[in-house]
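Heads up, the thing below is written out as structure tokens.
Every number here is computed from the coordinates shown, using simple stated rules; none is lab data. The structure displayed is predicted, hence computed values, not measured ones. FYI the Cβ positions are ideal-geometry reconstructions off the backbone, even for glycines, and counts take in every protein chain you see.
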Amino acid sequence: MSCRSIETNRAPAAIGPYSQAVSVGEWVFLSGQIPLVPETGELVAGDFGEQARQVLKNLGQVLAAAGCSWKDVVSVDVFLTDLGRFAEFNGIYSEHLEGHKPARAVVEVKGLPRGALIEMKCVAHQHRA
């Protein structure tokens, strides 16, 4: 099987030598997204909640570019700089995923690129007819 790089200008461009996502067969592996605004490449203005919503929006745009939606996501990894935000994150995440519950890990990290408070990556399965 060959890998296909997935890129969209509706999500922030990669800030390093990687793709926004790569598909292999029916699987799509999305790189970590931090809360950058696609049009400016700058960190979204606002608090943790705004950052979390921007990350979910960015991942949603990459999923769409791959022909997927959140309902196709099977696994999510979340990196928070403050695990004390876990409950707040869960509320935002639950609203966004509308009842879909993929496998998930949430870990606290010392720091993230550009001073972001959150980063997320995920794996999706493309359903082909």
Given the structure, is V22 farther than 22 Å from L117 by Cβ, assigned to a strand (DSSP E or B) and free of Cβ contacts under 8 Å to residues at least 40 places away in the same chain? yes
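Yes/no per residue for (1) in a loop (DSSP other than H, G, I, E, B); (2) in contact (Cβ under 8 Å) with a residue 12 or more places away in the chain; (3) in contact with a Pro (Cβ under 7 Å, 6 or more places away or on another chain):
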position	(1), (2), (3)
V55	no, yes, yes
A64	no, yes, no
C68	yes, yes, no
E88	no, yes, no
Assuming T40 fulfils every condition listed in (1) of a type in the set (S, T, Y); (2) within 14 Å of the chain's Cα centre (by Cα); (3) outside any helix (DSSP H, G or I) apart from one, which condition is it? (2)
Give me a count of the residues in the stretch 91-119 that are closer than 18 Å to G60 by Cβ and assigned to a helix (DSSP H, G or I). 7
What pairs come out if I take residues in the stretch 72-86 that are without any contact (Cβ under 8 Å) to a residue 60 or more places away in the chain and among the acidic types (D, E) and pair them with residues that are assigned to a strand (DSSP E or B) and surrounded by fewer than 19 Cβ atoms within 10 Å (Cβ to Cβ) whose C-beta lies under 6 Å away, six or more apart or interchain? D72/H125; D77/A105; D77/K121
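Residue-wise test of (1) assigned to a strand (DSSP E or B); (2) surrounded by 13 or more Cβ atoms within 10 Å (Cβ to Cβ); (3) not acidic (D, E).
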| residue | (1), (2), (3) |
| --- | --- |
| L30 | yes, yes, yes |
| K71 | no, yes, yes |
| D77 | yes, yes, no |
| A124 | yes, yes, yes |
